[in-house]
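What follows is a set of notes on a single structure, which appears directly below.
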Amino acid sequence: MTDRKLFAGPRLRRLRLHRAVTQTRMADDLGVSVSYLNLIERNQRPLTAAFLLKLATVYDLDLRQLTGDDGAAITAELATLFADPRLAGLDVSRAELAEVAASAPGVTAALLRLGAASGAAAAGPVEAMTELLLDRRNHFPDLDAAAEALADDLRLASPDLAAGLAERLRTRHGISVRILPVTVLPDLLRRLDLHARQLQLSESLDAASRTFAIAYQLALIELKPPIDAVVAAAGLTSKAHERFAVQTLANYAAAAMMMPYARFHAAAEALGYDLELLQARFGAGFEQVAHRLTTLQRPGMRGIPFVMMRTDRAGNISKRFSAVRSALASEGGGCPLWVLHAAFDQSGRIMRQVVETEDGTRWLSVARTVRTYATPYGTVKPEFAILLAAELASARAMIYADGLDTGPGAATPIGLGCARCGRSACRQRSLAPAGARLEVDERTRGLTPFRFNTQGED
């Protein structure tokens, strides 16, 4: 920033409009004139280091939102929006979308907001909560701070977190923890029996999952005020939506108790984000650690902004958590070339891969399979693949980047899934992109049976 001028007017304006702040209000907040702010937004003045620091302090911004090159990412989001089958035949090219994103950030923000609202209107509890998590960058500061304070109290009371959690439930709330055989709880992993005043856990849960279950129950009781505050502010549309949100936030708080923010962030930085070492240090599961890493967005103590996904062998995405809003975070996971799916080939082993999305962004991806709980011999043993990905520029601090070829030519080109991917040369393609016009030539056969035109040209 000291040796080059930064012009980021459209991005600054887009951030301002997203927060519903007027130019006059922002100028007043930052101690500059309205005319100066207007010049910055029109790219007629660069953003100085002092201006950026003031902006980050006043509006709690991650400066990467302004200093990163997000034009391609915004274009990709618009392309996803315009891939809606209802817009088939409009033939809007990516060049046009890029021009809109660069020259009309207000119009772009409005289109993306309308798209999100349209999806949310028909969204079920899971989809609505996923959108809320993306909007909040999967970080809830008040809830996180309350969970950290509670974890510190528990740590003073007992060196064993699970024992401390169980003891607090018993002494303060009259609820004892009991581990029961699978024959008693054949179809449940956890049950709160209020009549017996027991939190009953299945013996099929491993130690980390038992600790998590106890922390979850304590969060529902002692962290109810900050959880309810988030739910109330979210403006959810039904009781089902609200109950699912409470459950999701209690899970968030449980992870925050097991892996308190400051200690976990310091350990992640010191260990190069080594997931298995973090597991060992905090007595957590691989999936729990991966999820917790996506929440490290506290101002002044931010971690790498990760995207996390969980999928089964059929490619069904059952979890999405992200500290960064991008098309990959909200729509990705459907490309068979991604290590997310190859992880099933080497069960239990960490695999890594550098990929490049259509907007030119390169990501370092780490994936491994997990089993969620023990099952009786002869029954189905659920297995999932967990993926953690971060943009390569910030992922170089990870231990998994060591010795890995991160050059442009080494990245595997991936898309959001065939229906939303415009890569015409992909040998793995299973169908043409939605809205594309098929070009049929009976005299030739390409690498795939789908030849198409996404530019709307004859």
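In Å, the Kirkwood hydrodynamic radius of the range 159-278 over pairs of distinct alpha carbons?
Working: mean 1/r = 0.0631 Å⁻¹.
In the range 159-278 this quantity evaluates to 15.8 Å.
Treat every Asp and Glu Cβ in the chain as -1 and every Lys and Arg Cβ as +1, leave all other atoms uncharged, and give the resulting dipole magnitude about the Cα centre to the nearest 20 debye.
On the way: 54 positive and 49 negative charges, 78 e Å.
For the chain, the charge dipole is close to 380 debye.
Between the range 305-345 and the range 218-232, what is the C-alpha centre distance in whole Å?
First find each Cα centre; the distance between them is then 29 Å.
Restricting to DSSP H runs of at least four residues, report the calculated mean residue ellipticity at 222 nm for the chain, -39500 (n - 2.57) per run over all residues, nearest 500 deg cm²/dmol.
On the way: 20 runs with 207 residues, N = 458.
That calculation yields -13500 deg cm²/dmol at 222 nm.
Check every DSSP H run in the chain and write down those whose alpha carbon atoms cover 27 angstrom or more along the long axis and whose mean Kyte-Doolittle hydropathy is -1.0 or greater.
Values: long enough: 239-258 (29 Å, 0.15).
Flagged H segments are 239-258.
Picking from PRO10, ALA95, GLY409, whose Cα lies most toward the positive end of the charge dipole for the chain (charges on Cβ: Lys, Arg +1; Asp, Glu -1)?
Positive-end residue among those listed: PRO10.
Go through THR75, ALA196, GLN23 and say which Cα lies farthest out towards the positive end of the charge dipole of the chain; charges sit on Cβ, +1 for Lys and Arg, -1 for Asp and Glu.
ALA196
Quick one: Cα centre-to-centre distance for the range 364-399 and the range 242-268, in angstrom?
Between the Cα centre of the range 364-399 and that of the range 242-268, the gap is 18 Å.
Pairs of lysines 8 or more apart, or on different chains, with alpha carbons under 27 Å: count those in the chain, would you? Could the numbers behind the result be given before it?
Working: LYS5/LYS54; LYS224/LYS239; LYS224/LYS319; LYS239/LYS319; LYS319/LYS381.
Final tally of qualifying lysine pairs is 5.
Across every pair of different alpha-carbon atoms, what Kirkwood hydrodynamic radius in Å does the range 301-418 reach? Walk me through the intermediate numbers first.
Details: mean 1/r = 0.0678 Å⁻¹.
Every distinct Cα pair counted, the radius reaches 14.7 Å.
Any idea which of ALA266, SER35, GLY446 is furthest toward the positive side of the dipole for the chain, if Lys and Arg beta-carbons carry +1 and Asp and Glu beta-carbons -1?
Of the candidates, ALA266 comes out farthest on the positive side.
Given axes a ≥ b ≥ c from the Cα gyration tensor, I'd like to know whether the chain is rounded (a/c under 1.5), prolate (a/b larger than b/c) or oblate. Could you put the intermediate results ahead of the total?
Numbers: a/c = 1.86, a/b = 1.32, b/c = 1.41.
Taking the square roots of the gyration eigenvalues as a ≥ b ≥ c, the chain is oblate.
In terms of modelled amide H atoms, which long-range or inter-chain residues lie less than 5 Å from the amide H of ARG298?
GLY303
Compactness ratio of the range 132-198: Cα Rg over 2.2 N^0.38 Å, N = residue count?
Working: Rg = 15.8 Å, N = 67, 2.2 N^0.38 = 10.9 Å.
This ratio for the range 132-198 stands at 1.46.
Here, each number is a calculation from the coordinates, and none is a lab measurement. This is a predicted model, so every value here is computed, not measured. Here Cβ is always computed from backbone atoms with ideal geometry, including for glycine, and neighbour counts include all displayed protein chains.
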